[in-house]
Amino acid sequence: MTADTPPSLGNLALSRKEDFKTFADAPRRQQPELLSRAQLKALDPQTRAKYNRLRREWHANLGPIKTPQLTDLHEDLWDIVDSNLQDGDKAKGAVAVDAFPGLGKTTSVLAFLREFHRREIAEHGELTSQGHERWPVCRIGLTGNTGMKDLNRAMLEFFEHPGKSRGTTVQFGRRALDCMLSCEVRVLALDDLHFLKWGKTSGIEVSNHLKWIANELPVTLLMVGVGLADKGLFSEGEAARNSAGAEFEDEAMAQTGRRTTRLDMRPFRIKNESGRKEWRQMLLALEQRIVLADKYPGMLADDLSDDLYARSTGHIGSLMTLINRGCQRAVRGGSECLSRDLLKKVKNDEASERARLQLERALENGRLTSRPKPSPPA
Ligand SMILES: Nc1ncnc2c1ncn2[C@@H]1O[C@H](COP(=O)(O)OP(=O)(O)OP(=O)(O)O)[C@@H](O)[C@H]1O
Ligand SMILES: [Mg+2]
């Protein structure tokens, strides 16, 4: 790779420090130039193939777009992380981003971690005062049915620690603690925390472990997952309602609940005018990013607003899948534009498809609309 070729971001494992750094340091992708049909036609086959490959990559990686959901989450995260600058002997507040799948939790949290990493390195330098590498962020993506030991090992794997293959849960934990202290980690992000084993007894084990992390490590714990509240992560006060025997366990959970701020992410909603305006803003922002020769102002925001809402039910994940696949088809087939007919042929995720029919009927017979009222002329 030459000095001026940007590193490929297609094959990164963000649960390893070097890859995380590559992700954090990478410059923003350059939007390919928008060519007209005539310009496209005039390209020789090789240049056209290259241009189309650029557009494929671009459309597959649109974003992150500054949606209101992302902006709100970032504001809250900055508040919490920056207010957590107490000395190491005080336990820090933790954060849980708890929301349904496909609402942009991972994307938004990664965008925040990227900014945080860059800010810390810019302010404090690449090395700590002891001469160790500085890693402001340790980010772990959990996989199915992870136990405590696997979680501790995953932290060691992030740092490529030589002691990651042998040891007990406690030893792994201690080594992870050492790494975090010497690298001056400030945020420990655990993505897909619902993958941890949360059985009846291991729920307590999980809670205690998270408490240990919050107490012993001078980090802000940032947990991300689906249904964390249902798993009892914040279940304060449950003890009173449960049988007396469960009281001790619930107290342990309550301690985690007390220190944890829960943040939500919501889908786009069109029930009221402000929701419809947000939806329109999102579509206008997307329009700007689409690189198709025949795109026109209002292609998404006017002509496809209802269709896109019905098919995504306001979930950003499903919306982005539709737009990405639609653009790929428009480039490949040469239609160079998104239309109702083209979108009909594009497959989307199962959950959105199930919710679609009901919404489509309401939108079609005019009971519901996704478009805000046009603003009166100035
Ligand atoms: N702000 C954004 N701008 C552009 N695309 C986004 C944005 N947020 C999310 N997406 C897209 O939506 C898809 C789903 O987002 P993401 O994986 O972050 O959701 P999630 O809430 O973490 O889901 P899960 O619970 O399944 O992990 C991704 O493909 C991502 O590219
Ligand atoms: Mg995710």
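Tabulated data for the structure shown
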{"read-out": "Virtual paramagnetic centre 7 Å along Cα→Cβ of Asn145, amide N under 14 Å, in region 154-196", "value": "195-196"}
{"read-out": "Helix-derived mean residue ellipticity, 222 nm - over the chain, DSSP H n ≥ 4, -39500 (n - 2.57), to 500", "value": "-15500 deg cm²/dmol"}
{"read-out": "Axial C-alpha extent at least 15 Å, average Kyte-Doolittle at least 0.0 - helices from the chain (DSSP)", "value": "169-182, 316-333"}
{"read-out": "Alpha-carbon centroids, region 267-342 and region 134-177: separation in whole Å", "value": "41 Å"}
{"read-out": "Student exercise, the chain dipole from Lys, Arg, Asp, Glu Cβ charges, in Debye to nearest 20", "value": "1460 debye"}
{"read-out": "Cβ-derived FRET efficiency at R0 51 Å, Asn365 paired with Arg118, nearest 0.05", "value": "0.55"}
{"read-out": "Efficiency of FRET between Ala49 and Asp303 - r from beta-carbon atoms, R0 22 angstrom, step 0.05", "value": "0.15"}
{"read-out": "Stretchable slack from Asp349 to Asn61, in nm (0.36 nm times residue separation minus alpha-carbon distance)", "value": "101.9 nm"}
{"read-out": "Nonlocal amide H pairs with Thr146, under 5 Å, H built at 1.01 Å", "value": "Leu196, Lys197"}
{"read-out": "Proxy reagent accessibility, fewest Cβ within 10 Å first, across Trp212, Trp198, Trp135", "value": "Trp212, Trp198, Trp135"}
{"read-out": "Net length gained if the chain between Arg174 and Trp212 were fully extended (0.36 nm per residue, minus Cα distance)", "value": "12.6 nm"}
{"read-out": "Listed residues Asp76, Asp306, Asp44, most fluctuating in the chain (Gaussian network, C-alpha, under 10 Å)", "value": "Asp44"}
{"read-out": "Most mobile listed residue (Asp341, Asp98, Asp72) in the chain, GNM with C-alpha springs under 10 Å", "value": "Asp341"}
{"read-out": "Selected from Thr128, Thr313, Thr106 as most flexible by GNM, with the chain as the system and alpha-carbon contacts under 10 Å", "value": "Thr128"}
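Every read-out reported here was derived from the displayed coordinates using simple, explicitly stated rules and does not represent laboratory data. Worth saying up front: this structure is predicted, and the values here are computed from it rather than measured. Heads up, the Cβs are rebuilt from the backbone with ideal geometry, glycines too, and the neighbour counts pull from every protein chain shown.
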